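Enquirer: Below is the structure I would like to discuss, written out as structure tokens.
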Amino acid sequence: MTDKSYKNWLSMSDNVLSQQIGAFIKHQRMEQNKTQDLVASAAGISRSTLSLLERGESVTLSTLIQVLRVLDQLQVMEVFEVQQSISPMALAKAEKEKRKRARNPNPNNSEKSNW
């Protein structure tokens, strides 16, 4: 298995998930030895709003992103990246339509070979 413990995120309530996010924010802030005042000021929010976030209370998504940016933790956004996938049928169709040969760009004006 991996070094990260498995959590059943689906079975957690929204409140528990919010508390998990808040604990992550607080942990990152403490690891960087930053005060709530410092992080809040850098994020352009009030200290009480940061405190709400760390306790798992409701804050805006914009606030969360601002705090993640200040804590240099935007890499967590990678889990939201959408991977474009192409269906096997669409891939086969694209391969079929792909050009197989080069053509003379101007067939009426073909140059004669000097051979």
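Enquirer: I need the full set of residues from the range 46-105 which are farther than 27 Å from residue 36 by Cα and among the β-branched types (Val, Ile, Thr), in order please.
Expert: Answer for the range 46-105, where residues must be farther than 27 Å from residue 36 by Cα and among the β-branched types (Val, Ile, Thr): 82, 86.
Enquirer: I'm trying to understand the selection: among the residues of the range 53-63, which are in contact with a helix residue (DSSP H, G or I) (Cβ under 7 Å, 6 or more places away or on another chain) and either surrounded by 15 or more Cβ atoms within 10 Å (Cβ to Cβ) or more than 16 Å from residue 20 (Cα to Cα) (or both)?
Expert: Across the range 53-63, the qualifying residues are 53, 54, 56, 59, 63.
Residue-by-condition table, conditions (1) part of a helix (DSSP H, G or I); (2) touching a helix residue (DSSP H, G or I) at 6+ places or on another chain (Cβ under 8 Å); (3) of a type outside the set (Ser, Thr, Tyr); (4) at pLDDT 85 or above:
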position: 77; (1), (2), (3), (4): yes, yes, yes, yes
position: 84; (1), (2), (3), (4): no, no, yes, no
position: 92; (1), (2), (3), (4): yes, no, yes, no
position: 96; (1), (2), (3), (4): yes, no, yes, no
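Enquirer: When you go through 56, 44, 22 one by one, which is the residue that is at positive phi and touching a Gly at 6+ places or on another chain (Cβ under 8 Å)?
Expert: Values: 44 fails: touching a Gly at 6+ places or on another chain (Cβ under 8 Å); 22 fails: at positive phi.
On inspection, the qualifying residue turns out to be 56.
Enquirer: Same structure, new question: When residue 56 is evaluated against the numbered criteria (1) in contact (Cβ under 8 Å) with a residue 40 or more places away in the chain; (2) outside any loop (DSSP other than H, G, I, E, B), which criterion, by number, is the only one it fails?
Expert: Answer for residue 56: the failing condition is (2).
Enquirer: Across the range 37-48, what is the total count of residues that are surrounded by 18 or more Cβ atoms within 10 Å (Cβ to Cβ) and part of a helix (DSSP H, G or I)?
Expert: Of the residues in the range 37-48, the ones surrounded by 18 or more Cβ atoms within 10 Å (Cβ to Cβ) are 39-40, 43, 45.
If we keep only those that are part of a helix (DSSP H, G or I) as well, we get 39-40, 43.
Matching residues across the range 37-48 total 3.
The values are calculated or read from the model by the stated rules, or taken from the named source; none is laboratory data. Predicted, not measured: the structure shown is a model, and the values here were computed from it. Note that each Cβ is placed from the backbone with ideal geometry, even for glycine, and that neighbours are counted across all protein chains shown.
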